[in-house]
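The values are calculated or read from the model by the stated rules, or taken from the named source; none is laboratory data. Just so we're clear, the structure is a prediction, and the values are computed from it rather than from any experiment. Virtual Cβ from ideal backbone geometry, glycine too; neighbours counted across all protein chains shown. Just the protein is used for accessible areas: all its heavy atoms, side chains included, with ligands, DNA and RNA removed. Shrake-Rupley method; radii C 1.70, N 1.55, O 1.52, S 1.80 Å.
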Amino acid sequence: MKDRVKLVIRNLDYSLLVFLLFILCAGFVVLDSASVSAATRYETDFLVQQVTAAIAGFVLILALQSIDLSRLQNFEKPAYILMNLMLLTVFFFGVSVKGAQISLELGPFRIQPAEPAKILLIFCMAKHLAAKNRQLKTWRQLIPSLLYGAIPLGLVMALPDLGTGLVLLAIIFGMLLAAGGSLWKLAFLFSGGIGSVVLWIYGHLNWDWRLPLEEYQLMRLIVFVNPEYDPRGWGWNLIQAQITVGSGGLWGQGWGQGTQTASGYLPEQWTDFIFCVLGEEFGFVGCFVVLALFFALLVRCLMIAARAKDLFGGIVISGVVSLFMFHILQNVGMVVGIMPITGIPLPFISYGRSALLSGMAAIGMVLNVGVYRDNSLF
């Protein structure tokens with residue numbers, strides 16, 4: 001036990017923890033301002049809950065360092081079954097939130113099983129792909145791995161939870177690429193999927209084709225292309241988000257001084273649109289600093305991946321990086337109008353205990369790969 005503790009202390013990547021801590025603190029500052037009106041409406045203190053979840057997250061990170069993650073690879077099949085059972089449970093017993101059946105109510109608590117499912121998918125896919133030993137160049141080699149990821153992806157899309165489905169798709173794509181999958185084949189599948197969606201929506205609007213999307217999901221795609229299509233309805237969120245971000249200018253209006261935030265014009269300002277609050281109160285400079293911290297965190301993850309002792313560890317980190325990168329690009333992109341609104345939170349910044357804990361668990365997995373890069377103890 002003493003040797004294991006020494007190993008963790010010696011190999012733990014403290015730089016990654018520092019970047020994480022800075023991002024969390026930035027999130028607490030912005031959330032404290034963004035959740036003022038929300039606390040009154042929901043009669044709860046969002047900041048206290050977020051800080052409590054962050055403390056629990058650090059405990060989880062430390063707990064994950066107690067055993068070499070690669071030694072748990074034999075539990076891939078039970079973990080894969082558990083992940084799919086969790087998603088099935090939500091499908092049958094979930095509570096509808098904003099049109100998607102994504103949460104479970106356990107007494108006073110509401111949890112989102114899709115969040116731990118992201119972490120389980122990264123673990124399971126890493127074991128599955130590592131066993132392929134980079135033999136993923138042909139369609140015959142690639143298709144079984146695509147089907148492996150398609151099962152949980154299909155369950156999420158059936159809820160329907162388009163946002164989480166896109167996250168899982170990004171994870172699968174990134175991990176397949178890191179495991180030796182053909183870039184051209186993956187790009188063909190991706191572009192073909194996008195083209196099919198566009199054609200299907202066009203057919204729905206012009207020829208009344210049946211579309212497997214809820215009305216709110218379809219309208220989000222329409223107002224992404226043209227927010228003025230319904231400026232006081234479905235386009236309201238996007239228009240207000242752009243106004244809020246733009247009103248911050250270079251330096252921002254000051255902490256707690258955001259007019260759009262304080263007046264409540266911006267919806268979901270403590271969750272999906274919290275980046276708008278950051279832009280309004282701290283301006284372009286504040287946004288740049290936070291995005292630079294995210295960039296540093298992702299680069300540090302990739303540096304740890306480069307020192308991984310085996311293919312499994314490197315693929316795990318590729319899944320984590322894909323997870324965070326898509327969340328960041330999608331969340332920031334949707335508030336400035338270059339990505340459709342999907343309800344994806346900004347990691348470690350947006351309010352959400354399930355999302356925060358799963359994000360910190362992902363960081364714990366990355367740190368674990370770095371800690372056990374030296375296998376001399378075993």
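Annotations for the structure displayed:
- Sequence-separation-based contact order of the chain, relative, with Cα cut under 8 Å and 6+ spacing, percent: 27 percent
- Over region 121-198, Cα pairs under 8 Å with separation of 6+ residues give a relative contact order of 39 percent.
- 3J(HN,Hα) along region 274-280: 5, 5, 5, 5, 4, x, 5 Hz, from the Karplus curve 6.51 cos²θ - 1.76 cosθ + 1.60 with θ = phi - 60°, whole Hz, x for Gly and Pro.
- Region 2-371 shape via C-alpha gyration tensor axes, a/c threshold 1.5: oblate
- Per residue, in Å², the accessible surface of region 212-355 once ligands and nucleic acids are set aside, probe 1.4 Å: 41 Å²
- FRET efficiency for the Y14 to S263 pair, using the beta carbon distance and R₀ = 51 Å, is estimated at 0.75.
- Rounded to the nearest 20 debye, the dipole size of the chain about its Cα centre is 1580 debye, using +1 on the Cβ of Lys and Arg and -1 on the Cβ of Asp and Glu.
- Residues of region 137-172 with amide N under 13 Å of the 7 Å Cα→Cβ point at F188: 137-143
- Inter-label distance, nm, simple model (7 Å from Cα along the C-beta direction), V285/I55: 3.3 nm
- When the surface is traced with a 1.4 Å probe over the full set of protein chains, W200 keeps roughly 110 Å² accessible.
- Ligands, DNA and RNA left out, the accessible area of region 2-371 computed with a 1.4 Å probe is 68% carbon and sulfur.
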